[in-house]
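Written out below as structure tokens is the structure these notes cover.
FYI, it's all coordinate maths here, none of it is from the lab. On a predicted model such as this, the values are computed, not experimentally measured, just so you know. Methodologically, a virtual Cβ is constructed for each residue, glycine included, from the backbone with ideal geometry; neighbour enumeration extends over all protein chains shown.
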Amino acid sequence: MKKFFTTIRNIFAIEDLRTRILNTLGFLVIFRLGSHIVLPAVNPAALNEAGGMGGIFDLLNTFLGGAFSRASVFALGIMPYISASIVVQLLTVAVPYFTKLQKEGESGRKKINQITRVLTILITLAQGYGYLSTTIPSEAITMDSTFWWTITNMIVLTAGTMFVMWLGEKITDRGIGNGISMLIMIGIISLLPGSLWAEGLSRGGSELLFFILELIALFFVVMAVVMLTQATRQIPIQYAKQVIGGKVYGGQRQYIPLKVNAAGVMPIIFAQSLMFLPGLIASIWADTSDLANSIGQTFNSYTSWQYNLVFALLIIVFTFFYTAITVNPNQIADDLKRNGGFVPGIKPGADTSNFIDSVLTRITLPGAIFLALVAIMPALAVLAGVSQQFAQFYGGTSLLIMVGVILDTLNQINSYLLMRHYEGMMKSGKIRGRSENVAVA
């Protein structure tokens, strides 16, 4: 405990780090305050009486810290920007023009950022119209003209999303951690105290032991997700020695850390977006076909074994797909060859690329299976008797985002401490799975 307080004192002794932490907290407070400002001409009392929407709306509401269900000016939050970023990222793989922009350095990144922002506005307008027309009941609207109410609030929602995007960029520039991820994480974690309190009250008396077991199980699930996030396969790299001006350079052994879960949370997001299609399509023929009605009911329940089986298979497929487009063995092999590096026992060039690809394939499979298991953990928790509100923290996108953002933020803080010759937040001075002796490829 003494070491912990010493580390906290060291953190706030560094002026730059202290300023960044305070800036981050200030921006997050602004974000949370904005999530409670209701859209113009919307009656909050009538909105509360209408209740939740369920399904994907509950998932979005979790990411947005309740702003979605409150009809806040930040109701769409940062999600349209994330959707636009995913679309642009896929275009950089499929469309030559975007691939060329990506290789143009800083100027290309600026053009891609401009395209992403324009696409964010278009997506926000489309999602804003869908949100206003489907999630807010007519009895909650206090304005006479529904048309002008919709147009006005579409503009307000778009402005809110762009402001949230600006907050995220400011956190990245002047704060600590990745701003966009930080906003999502704070929205998710803001629901944890209420969920924990409600679960504890519901498990009072004779069921207190069950609540303690839930907390113990949650602890081990979080530790497993941390292991999944940090796990790497290290490929040793040897650099050839060079004699320049009478001095010997190179000859160092480094490594390339290939992450077991290189795709991160993206496979779950992709798979989750597709899992709503069977129920949506089946609802078209639900009134005329018993089979369609049965399929709709099955895939609208995320605790059914059919839903979870398809969900897990989609996650495994998307994990391989996203890893393939984010990790390029050919580029890594070319960069190593250009810098005079090689894998011991492997010829530079095509052989190195094939070796890295085979290693990546072998570690991606267990990573994909583990990721699929983490994704269906909330459903398993509900079947075990945990409340639906609290079960969402047992896995899925929520837990992966929280763990990933917290670990990245700790890494940044740890770097500041080590640069100032303070002992890091871990005993070794670094978080496991990270090191300064990494080959940059």
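Using DSSP loop states and a limit of at most 14 other Cβ atoms within 10 Å to flag chymotrypsin sites (Phe, Trp or Tyr not before Pro), what is the longest stretch of the chain containing no flagged site?
The longest such stretch corresponds to 1-275.
Say R0 is 45 Å: what FRET efficiency, to the nearest 0.05, do R109 and M143 get from their beta-carbon distance?
0.60
Using Cα-Cα distances under 8 Å and only pairs 6 or more residues apart, what relative contact order does region 1-175 have, in percent?
30
Would you mind checking K100/K170; K111/K347; K170/K337; K110/K347; K110/K337 for any pair whose Cα atoms are more than 31 angstrom apart? List each step's numbers first, then the result.
Numbers: K100/K170 28 Å; K111/K347 38 Å; K170/K337 38 Å; K110/K347 38 Å; K110/K337 29 Å.
K111/K347; K170/K337; K110/K347, as the Cα separations exceed 31 Å there.
What number, in percent, do you get for the relative contact order of the chain if the mean sequence gap of Cα pairs under 8 Å and at least 6 apart is divided by its residue count?
Taking the mean separation of contacting Cα pairs over the length of the chain, I get 17 percent.
By its C-alpha gyration tensor, with a ≥ b ≥ c as the square roots of the eigenvalues, how is region 69-119 shaped: rounded for a/c under 1.5, else prolate for a/b larger than b/c, else oblate?
Values: a/c = 4.50, a/b = 2.45, b/c = 1.84.
Prolate is the answer for region 69-119, as a/c is 1.5 or above and a/b outweighs b/c.
How big is the charge dipole of the chain about its Cα centre, in debye rounded to the nearest 20, if each Lys and Arg gets +1 on its Cβ and each Asp and Glu gets -1 on its Cβ?
In debye, rounded to 20, the chain gives about 2140.
Determine, for L365, L91, the number of other Cβ atoms within 10 Å of each Cβ, and report the residues in order from fewest to most.
L365, L91
What is the sum of charges, Lys and Arg at +1 and Asp and Glu at -1, for the other residues whose Cβ falls under 15 Å from the Cβ of V265?
Net of charged neighbours comes to 0.
For n ≥ 4 DSSP H runs only, could you compute -39500 (n - 2.57) per run for the chain, divide by its residues and tell me the 222 nm figure to the nearest 500?
Details: 19 runs with 294 residues, N = 441.
Helix contribution divided over all residues of the chain: -22000 deg cm²/dmol.
Taking amide H positions as placed in the peptide plane 1.01 Å from N, state which residues far from I237 in sequence (5 or more) or on other chains have amide H under 5 Å from it.
The list, which skips near neighbours in sequence, is Q254, Y255, I256.
How much net charge surrounds T116 when only other residues with a Cβ under 11 Å from its Cβ are counted (Lys, Arg +1; Asp, Glu -1)?
+4
Kindly list the residues of region 209-236 that lie in the label zone of L383, defined by a backbone N under 19 Å from the point 7 Å along the Cα-to-C-beta vector.
Once the point is set 7 Å along Cα→Cβ of L383, 214, 217-218, 221 turn out to lie under 19 Å by backbone N, inside region 209-236.
Considering the chain as a Gaussian network with a 10 Å cut-off on Cα pairs, which listed residue, S107, S85, S353, attains the greatest mean-square fluctuation?
The residue with the greatest mean-square fluctuation here is S107.
Three principal axis extents, largest first, for the C-alpha atoms of region 1-175, in Å?
Here the Cα extents, ordered largest to smallest, are 56, 52, 27 Å.
For an R0 of 56 angstrom, estimate the FRET efficiency from the Cβ-Cβ distance between K347 and T303 and round to the nearest 0.05.
0.60
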